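Enquirer: Structure incoming, see below.
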Amino acid sequence: MRSKLIAGNWKMHGTIKETRKLILQLAVEWKKSCEQVEVLVCPPFTSLIVARHELEMSHIKLGAQNCFTGIDGAYTGEISATMLAEIGCSYVIVGHSERRTIFAETDDLVSRKVRSVLDAKLNAIVCIGESEAQRTSGETEAVLSRQLKGSLAGLSASDIVSVTIAYEPVWAIGTGKTASPEVAETAHRFVRSELETLFPGTSENVRILYGGSIKAENAVSLFSQPNIDGGLVGGASLDAEGFIDIIQAAVSL
Ligand code: PEP
């Protein structure tokens, strides 16, 4: 049985002071450890040290939103997974659609980032998802299949235990347009079957998160789908009360 993961992606939001405040609010509400639900927050790089300190006494885990490949080197402006491990992260989000679209990240680059994350003994949350135009033209499965294959290239079945997939339809991110539970479940089922083809015998153990305008109001119906193992939450994770309600939705199932 897969436990659920509820991850907050705070994107480029929040000063150190604001991050500390948000984390303190969350930590007060989420003191318990719960076997069924793992909670993760991914603040901007500048807040990671402070976040790690504030999270010390809580069961909330810390993650980063991106990294570069390798351990160190002449890569001005970049941060490696090894550095993120040193700072106390346990997860790194890789291949978010904003990085794929705005920063032109390819599946090949994403796969090399995933390798670095796993080499640093961290967990990778690998994002995939179709655009609105791709869905309309019936390409959803082809896109998901291509992104999965490309982003996980070079991994072995034993690597897959440290990988979580986030299905994030691009048309649902930050738009308020959530995929219906049926649409999301269909995509998740497809992703799981593709994983089984790529890494036989592993797919039942891989968590597949849904992301795209999750709110407290739609969380239960999404998380109760058999192949939806939690959520990657953007906007709604910036509000402590709203994020806790989403976590509680997962706990209630
Ligand atoms: C995201 O960016 O990963 C995301 C899911 O954003 P939102 O919840 O705001 O749609």
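The values are calculated or read from the model by the stated rules, or taken from the named source; none is laboratory data. Predicted model only: the values in this text are computed from it and were never measured. Please note: Cβ atoms are built from the backbone with ideal geometry, for glycine as well, and neighbour counts cover all protein chains shown. Accessible surface areas use protein heavy atoms only, side chains included; no ligands, DNA or RNA. Shrake-Rupley method; radii C 1.70, N 1.55, O 1.52, S 1.80 Å.
Enquirer: Among the listed pairs K31/K113; K4/K113; K31/K149; K11/K121; K21/K61, give every one whose C-alpha distance is greater than 28 Å.
Expert: Cα-Cα > 28 Å for K31/K113; K31/K149; rest within.
Enquirer: Starting from the amide H of A179, placed 1.01 Å from N in the peptide plane, find each other amide H under 5 Å away whose residue is 5 or more places distant or on another chain.
Expert: Residues meeting the amide H criterion: none.
Enquirer: Using unit Cβ charges (K, R positive; D, E negative) and no other charged atoms, how large, in debye to the nearest 20, is the dipole of region 1-60 about its Cα centre?
Expert: 100 debye
Enquirer: If we restrict to alpha carbons, what Rg and Dmax does region 111-186 come to, in Å?
Expert: Looking at region 111-186, its Cα Rg and Dmax stand at 13.8, 39 Å.
Enquirer: Quick check: Cα centre of region 12-32 to Cα centre of region 89-125, how many Å?
Expert: 24 Å
Enquirer: Here's a follow-up. Just to make sure I understand: if all protein chains stay in place, what is the order of L222, L253, L109 by accessible area at 1.4 Å, largest first?
Expert: Accessible-area ranking of L222, L253, L109, largest first: L253, L109, L222.
Enquirer: What ranking of R146, R100 comes out by heavy-atom accessible area, probe 1.4 Å, highest first?
Expert: R146, R100
Enquirer: Less than 13 Å Cβ to Cβ from G242, Lys/Arg counted +1 and Asp/Glu -1: what total charge do the surrounding residues give?
Expert: -4
Enquirer: Read phi for every residue in region 122-131 and hand back ³J(HN,Hα) as whole Hz from Karplus 6.51 cos²θ - 1.76 cosθ + 1.60, θ = phi - 60°, with x for Gly and Pro.
Expert: 10, 9, 9, 9, 9, 8, 9, x, 8, 7
Enquirer: Short version: ³J(HN,Hα) in whole Hz for each residue of region 133-139, in order, from phi by Karplus 6.51 cos²θ - 1.76 cosθ + 1.60 (θ = phi - 60°), x for Gly and Pro, what are they?
Expert: Values, residue by residue: 5, 5, 5, 4, 8, x, 9 Hz.
Enquirer: Dipole magnitude of the chain about its Cα centre, charges +1 at Lys/Arg Cβ and -1 at Asp/Glu Cβ only, in debye to the nearest 20?
Expert: In debye, rounded to 20, the chain gives about 300.
Enquirer: Using the Karplus curve 6.51 cos²θ - 1.76 cosθ + 1.60 with θ = phi - 60°, work out ³J(HN,Hα) for each residue of region 20-36 in order, rounded to whole Hz, and write x for Gly and Pro.
Expert: Those phi angles translate into 4, 4, 5, 5, 4, 4, 5, 5, 5, 7, 10, 8, 7, 9, 10, 5, 7 Hz.
Enquirer: Going from most exposed to least, what order do K11, K32 have by accessible area with a 1.4 Å probe?
Expert: Reading off the accessible areas and sorting them downward yields K32, K11.
Enquirer: Give, rounded to the nearest 20 debye, the magnitude of the charge dipole that region 85-234 has about its Cα centre when Lys and Arg contribute +1 at Cβ and Asp and Glu contribute -1 at Cβ.
Expert: Taking the Cα centre of region 85-234 as origin, the dipole is about 200 debye.
Enquirer: List the residues whose amide H sits under 5 Å from the amide H of R207, counting only those 5 or more places along or on another chain, with H placed 1.01 Å from N in the peptide plane.
Expert: Sorted by chain and number, the residues that satisfy this are I165.
Enquirer: Report Rg (one decimal) and Dmax (nearest whole number) for the chain, counting Cα atoms only, units Å.
Expert: Over the chain's Cα set, Rg and Dmax evaluate to 16.8, 49 Å.
Enquirer: Follow-up question, since we're still on this one. For region 1-120, what percent of Cα pairs sit more than 19 Å apart?
Expert: 49 percent
Enquirer: Here is a further query. Got a number for carbon plus sulfur as a percent of the chain's accessible area, 1.4 Å probe?
Expert: Answer for the chain is 55 percent, counting heavy atoms of protein chains only.
Enquirer: Can you list the residues, at least 5 places off or on another chain, whose amide H is less than 5 Å from the amide H of G8, using H built in the peptide plane?
Expert: Excluding prolines and chain starts, which carry no amide H, the hits are L40, V41, C42, V233.
Enquirer: With every protein chain left in place, what is the accessible area per residue of region 19-69 in square angstrom, probe 1.4 Å?
Expert: Roughly 49 Å² per residue, with all protein chains present.
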